[in-house]
Amino acid sequence: MDFVLDIYSWVGSVLGVLAAIEVWMLVVRKLFKLEKHITINRFESINKGVLFLSLILGALFFVVMICQLRSQPVIEQYVFYNRILGKYYWAYIIMLSGKLVFPQLYWFKTLRGNLYVTFVVAVLINLDIGVWIERFIILASS
């Protein structure tokens, strides 16, 4: 179980870093007029990586969920149910949508190449919804 959580942390961190890189690339591209050098193809490639990491993260969420539901210690099951059905269920839904649902927009080539969609999804992954709400859930519901 610790191995799965280590991979989960690593994948989540890389996903957040890719989203932050995209935001900065978009800002630098616009400020310094680097449209010839930072092309839409580069953003499409990064968005494919974001989509891939989001799918891996979804599979790891599922593995962690199954492990917590099948675990012997009652406290593990209580913490899991408290996160999903407890007082902070809304934060869990927001976290899952930020890390798993919004990156699924990149399945469509038109959205993957749209820089406005890229910016919005990167902000939703990184700043509020994906990364920081997860820390809140871990601290508040445990």
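The numbers here are math on the coordinates, done by the rules we state, and not lab data. Keep in mind it's a predicted model, so treat the numbers as computed, not measured. Cβ atoms come from the backbone with ideal geometry, glycine included; neighbour counts cover every protein chain shown.
How much length, in nm to one decimal, is gained on full extension between residue 30 and residue 52, taken as 0.36 nm per residue of separation minus their Cα-Cα distance? Write out the running numbers ahead of the final one.
Values: separation 22, 0.36 × 22 = 7.92 nm, distance 2.66 nm.
This chain segment gains 5.3 nm when fully extended.
Expressed as a whole number of Å, what is the distance separating the alpha-carbon centroids of segment 1-57 and segment 77-142?
First find each Cα centre; the distance between them is then 15 Å.
Could I have the simple spin-label model distance between residue 89 and residue 20, label points 7 Å from Cα toward Cβ, reported in nm to one decimal?
Going from the residue 89 label point to the residue 20 one covers 3.3 nm.
Give me the orientation-averaged projected area of the Cα convex hull of the chain, in nm², one decimal. Working shown, then result.
Values: hull surface 34.8 nm².
Dividing the Cα hull surface by four gives the mean projection, 8.7 nm².
Going by how many other Cβ atoms sit within 10 Å of their own, how do 95, 25, 65 line up, fewest first? Please list the in-between numbers first.
On the way: 95 23, 25 19, 65 13.
The order, fewest Cβ neighbours first, is 65, 25, 95.
Return a whole-number percent for the relative contact order of the chain, with Cα pairs under 8 Å and 6 or more residues apart as the contact set. Spell out each step's value before the answer.
Numbers: 138 pairs, mean separation 48.0, N = 142.
RCO, the chain: 34 percent.
Residue 116 to residue 100: extension gain in nm, 0.36 nm per residue of separation minus the Cα-Cα distance?
Residue separation times 0.36 nm, minus the Cα-Cα distance, leaves 3.9 nm.
What is the dipole size for the chain, taken about its Cα centre, with +1 at each Lys and Arg Cβ and -1 at each Asp and Glu Cβ, in debye to the nearest 20? Working shown, then result.
Working: 13 positive and 8 negative charges, 102 e Å.
Here the size comes out at about 480 debye.
Picking from 56, 118, 11, whose Cα lies most toward the positive end of the charge dipole for the chain (charges on Cβ: Lys, Arg +1; Asp, Glu -1)?
118
For q values of 0.26 Å⁻¹, compute log₁₀ I(q)/I(0) with the Debye formula on a Cα-only model of segment 52-127, without solvent.
Evaluating at q = 0.26 Å⁻¹ gives log10 I(q)/I(0) of -1.18.
Treating cross-link reach as a plain straight distance, find the lysines whose alpha-carbon is under 27 Å from the alpha-carbon of residue 48, omitting any fewer than eight places away in the same chain.
Candidates past the 8-residue exclusion: 30, 33, 36, 99, 109.
Taking trypsin sites (Lys or Arg not before Pro) that fall in a DSSP loop and have at most 15 other Cβ atoms within 10 Å as cut points, what is the longest piece of the chain between them?
On the way: sites that count: 33, 36, 87.
Counting at most 15 other Cβ atoms within 10 Å as exposed, the longest clean stretch of the chain is 88-142.
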